[in-house]
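Single-structure report; data block below.
The values are calculated or read from the model by the stated rules, or taken from the named source; none is laboratory data. Not measured: the values here are computed from a predicted model. Glycine gets a Cβ as well: all are built from the backbone with ideal geometry, and neighbour counts include every protein chain shown. With ligands, DNA and RNA removed, areas are computed over all heavy atoms of the protein, side chains included. Shrake-Rupley method; radii C 1.70, N 1.55, O 1.52, S 1.80 Å.
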Amino acid sequence: MANRLFDFGMIGLGVMGRNLLLNMADHGFPVLGFDRDATKTQALETSATAGTTVKGTSSLEELVQGLSRPRRIMMLVPAGQPVDDVIESLVPLLDQGDVIIDGGNSHYIDTLRRVNYVKSKGFHFMGMGVSGGEKGARFGPSIMPGGDVEAYNNVKPMLEAVSAKVNGSPCVDYMGHDAAGHYVKMVHNGIEYGIMQLISEAYSLLQHAGLSNAQLHDVFSKWNEGDMQSFLIEITRDIFAKKDDKTDKILVDLISDKAGSKGTGKWTSQDAMDLPVPITVIDTAVALRNISSFKEDRVKIAKIFPGVDKINISQEELIGQVHDALYFATLISYIQGLAMLQSASSALKMEIPLQNVVRIWRGGCIIRSGLLETFYEVFLKNPALSNLLLDETIAGLIKSKLPKTRIIVGEAAKAGIPVAAISAALSYFDAYRTERLPTNLVQAQRDYFGAHTYQRTDIEGTFHTEWQ
C-alpha cells in the first residue's frame with residue numbers, strides 16, 4: 001500500500017461503514033477502511049466487487065498515511081465518547097485542511113461542540129446523517145451533511161455518486177450551518193418513530209377486527225400501491241408474510257412486544273420542548289415504547305381491567321377508516337417534524353433549506369414516501385412556510401381524510417383499543433384549527449397561585465390580579 005493513495009477513509013467497519021465504503025468503491029473511488037478488529041478489515045476486502053480498489057487496515061496511522069490530501073476521513077462509530085476518542089486519536093496525525101466526518105447518530109449538541117473544537121485545530125469537521133440502513137448504505141442512502149461548507153464541497157462529488165437517486169437527482173444536499181446535518185437526521189428519526197407507532201396502531205385495529213396475517217399482507221400491499229406508498233408500509237407488508245424458520249408460523253406473532261430504542265426519538269422530543277414546538281405524535285411514540293418495556297406490570301394490570309370490545313363495523317368499512325386515519329396521522333407526523341426543523345433553523349441560526357430536506361428524503365431513507373413529492377412542491381413555492389397546515393394542497397389532503405379519522409378514533413376509544421399516536425395527531429390538528437383555546441383559564445390559574453401575570457384581549461400590556 002506504500003505507493004497507493006486512496007480517496008476516502010472510513011473508521012469503523014461495522015455493517016454501515018463497510019457497506020458505504022463498498023458503495024464508494026463501486027463508483028470508482030479507491031477506499032481505505034480502518035477497524036481494530038481484523039475480521040472486519042478482512043470482511044471489507046473479501047466483500048469488494050471485482051475490479052474495485054478496497055483496502056482494510058488495523059493501523060490508524062496507516063489509514064491516515066494512505067489517503068490523498070486533503071484527507072477525507074469518516075467515522076461510523078457509536079455516538080458519544082467513542083466519537084471524541086477517535087477525534088483525539090486523529091488530531092496528531094492530520095495536516096491542516098483535512099476533513100473529519102461523523103456519520104453516526106450523534107446528538108447535535110455534541111456535534112456543535114466538535115465543530116468548534118476541530119476548527120480550532122485547523123481541520124474541517126462535518127456532522128452527517130445517513131439513512132437507509134444496511135441496504136441503503138450499500139446501494140444508495142439518503143445523506144444529510146451539515147456544518148463546514150468547504151468540507152462539504154470537498155466531498156460533494158463522492159456523496160452525490162453514492163447516494164440514492166430520484167428522477168436522476170441525488171439524495172444528498174447541504175443541510176445548513178454548524179450541526180444542521182445531525183439535527184435534520186435527529187428529526188428524521190423522530191418522524192420515523194412516529195410513523196412506526198402509527199402503523200402499529202393501524203395493525204392493532206385491523207387485528208382486533210379479525211384480519212389474519214394473510215389479509216393484513218393483502219391490505220398493506222394495496223396501500224403501498226396507492227396514496228400511502230412508502231418504505232415503511234412496504235416492509236410492513238413483507239413482515240406479515242415472513243415465516244419463522246423454527247416453527248413455520250408467521251414470525252411477527254412470535255416477536256416480543258417490548259420495543260427497544262437508541263435515544264434519537266427522545267432527543268427529538270426533548271429538543272422540541274426546548275424550542276418550543278409541539279410534536280405530539282413523536283412524543284407519544286416515544287412514550288409508547290417506554291410503556292411497552294413495562295411488560296410485567298402490563299400483564300398484571302390486564303387482569304385487573306380485562307376485556308377489549310370488538311369494533312362493530314364490517315371489515316371492509318373498517319379497512320377504509322383505518323387507511324384514512326393512518327394517512328391523516330402520518331401526514332401530521334411529517335408536518336410536526338418539518339415545523340420543528342423550520343423553527344430550529346431560525347432559532348439556532350442553521351439556515352436549514354426545507355425544500356432540500358424533503359427532496360433528499362424522497363429516496364434512500366427510512367421515511368421515504370410518496371407524500372414527500374407533495375411536500376417538495378409546497379416548499380419550492382414557499383420555503384419559509386412555518387407549518388404545512390397553512391398550505392392549500394395539504395389542507396385538501398387533511399380534509400379528505402378527517403371524517404373517517406374521527407370515526408376510528410371514537411370507535412377505538414369505545415372498544416378500549418389504544419391508538420394514542422393517532423389520537424395525538426387528531427388532537428394536534430384540532431388544537432391548531434381552534435382560534436381561541438381554553439388556555440386563558442390556564443393563564444388565570446397561573447396568575448392566581450403564582451402571580452405569573454397575563455395579557456388581555458381588550459387592552460395592551462401585562463396584568464396581575466389579586467384573586468382572593
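Remarks
- Put simply, the amide H of VAL77, placed in the peptide plane, has neighbours under 5 Å in GLY103, GLY104, leaving out anything fewer than 5 places away on its chain.
- When all protein chains stay in place and ligands, DNA and RNA are ignored, the 1.4 Å accessible-area order of VAL115, VAL184, largest first, is VAL115, VAL184.
- Evaluated with a Cβ-only charge set (Lys, Arg +1; Asp, Glu -1), the stretch 185-433 carries a dipole of roughly 420 debye about its Cα centre, given to the nearest 20.
- For PHE8, the residues whose modelled amide H falls within less than 5 Å of its own, excluding neighbours fewer than 5 places apart on the same chain, are LEU32.
- Pairs beyond 25 Å (Cα-Cα), from LYS185/LYS349; LYS310/LYS401; LYS222/LYS295; LYS40/LYS121; LYS185/LYS246: LYS222/LYS295; LYS40/LYS121; LYS185/LYS246
- Options (i) 75, 66, 41; (ii) 77, 67, 46; (iii) 57, 51, 44 - which one matches Cα extents along the principal axes in Å as calculated here: (ii)
- Environment charge of ARG138, counting only residues whose C-beta is closer than 14 Å and scoring Lys/Arg +1, Asp/Glu -1: 0
- DSSP beta bridges in the chain [antiparallel fraction, %, rounded to 5]: 35 percent
- About the centre of its Cα atoms, the chain shows a dipole size close to 480 debye [charges on the beta carbon of Lys, Arg (+1) and Asp, Glu (-1) only; nearest 20 debye].
- In this structure SER131 has an accessible area near 0 Å², from a 1.4 Å probe over the protein heavy atoms.
- Sum of side-chain charges, ILE352 neighbourhood, beta-carbon under 13 Å (Lys, Arg +1; Asp, Glu -1): 0
- Using θ = phi - 60° and Karplus 6.51 cos²θ - 1.76 cosθ + 1.60, couplings along the stretch 383-388 (whole Hz; Gly, Pro as x): x, 9, 4, 6, 8, 5
- Of the whole protein surface, LYS414 contributes about 140 Å² of accessible area at a 1.4 Å probe radius.
- Accessible surface of the stretch 289-362 [probe 1.4 Å, protein heavy atoms]: carbon and sulfur percent: 53 percent
- Remark: the stretch 391-396, residue by residue, has Karplus-estimated 3J(HN,Hα) of 8, 5, 5, 5, 4, x Hz, where x stands for each Gly or Pro and the curve is 6.51 cos²θ - 1.76 cosθ + 1.60 at θ = phi - 60°.
- With eigenvalues of the C-alpha gyration tensor scaled by 5 and rooted, the stretch 258-351, Å: 32, 22, 9
- In this structure the chain gives 47 Å² per residue of accessible area when probed at 1.4 Å with all protein chains present.
- For the stretch 185-433, the equivalent ellipsoid derived from the alpha-carbon gyration tensor has semi-axes of 30, 20, 19 Å in decreasing order.
- The stretch 8-174, accessible surface, carbon-and-sulfur percent (1.4 angstrom probe): 50 percent
- Lysines with Cα under 19 Å of LYS300, excluding same-chain neighbours fewer than 8 positions away: LYS258
- Bridge type composition, the stretch 8-174 - antiparallel percent by DSSP, nearest 5: 30 percent
- Couplings 3J(HN,Hα) for the stretch 440-451, derived from phi with the Karplus relation 6.51 cos²θ - 1.76 cosθ + 1.60 (θ = phi - 60°), are 4, 5, 4, 5, 5, 4, 4, 6, 4, 8, x, 6 Hz, where x marks Gly and Pro.
- When the Cα atoms of the stretch 4-161 are aligned to their principal axes, the ranges along those axes come out at 41, 30, 27 Å in descending order.
- For LEU21, net neighbour charge (Lys/Arg +1, Asp/Glu -1) across residues whose Cβ lies under 14 Å away: 0
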